[in-house]
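A quick write-up on the structure given underneath.
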Amino acid sequence: MADTDTLKAQIAELEADKAKLEAKLAKRKVGKRYKYTPEFEAFWKKFRGRWNRETDRYIKVGKYEAFQEWLRLSPCEQEKAIKVAHRPSGQYVPDGVRWLRGKRFDDYG
């Protein structure tokens, strides 16, 4: 019985956290575009993305989705991601959202 109460409390806490995050994201929408934090913009500017052989250049996709993952990181993790964002290169670099979700910045420092 106590385990059930504990699980219910944890579920309620997670739902509250989810609601807070959704409210935070809703406030950031400005018209049809989103307002990103300066820290995320610094990360996005430094992050190269992956190499596209067809166009012979680096491409970045999923900025908004990457921003959602960015908000889930702690300030310490965000700082570390900014510091090493320029390092990944090559054909097999994941897009920004997967790079942040997988905490790939830990591989570089």
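Relative to the Cα centre, the charge distribution of the stretch 36-108, modelled as +1 at Lys and Arg Cβ and -1 at Asp and Glu Cβ, gives a dipole magnitude of about 180 debye.
Can you flag which of K20/K45; K18/K45; K83/K103; K46/K80 are past 19 Å Cα-Cα? Violating the 19 Å limit, Cα to Cα: K20/K45; K18/K45.
Normalised Debye scattering of the stretch 36-108 at q = 0.15, 0.22 Å⁻¹ gives log10 I(q)/I(0) of -0.43, -0.91, counting only Cα atoms as equal scatterers and leaving out solvent.
Every read-out reported here was derived from the displayed coordinates using simple, explicitly stated rules and does not represent laboratory data. This structure is a prediction, so every number in the text was calculated from the model and none was measured. Every residue, glycine among them, receives a Cβ derived from its backbone with ideal geometry; neighbour counts consider all protein chains shown.
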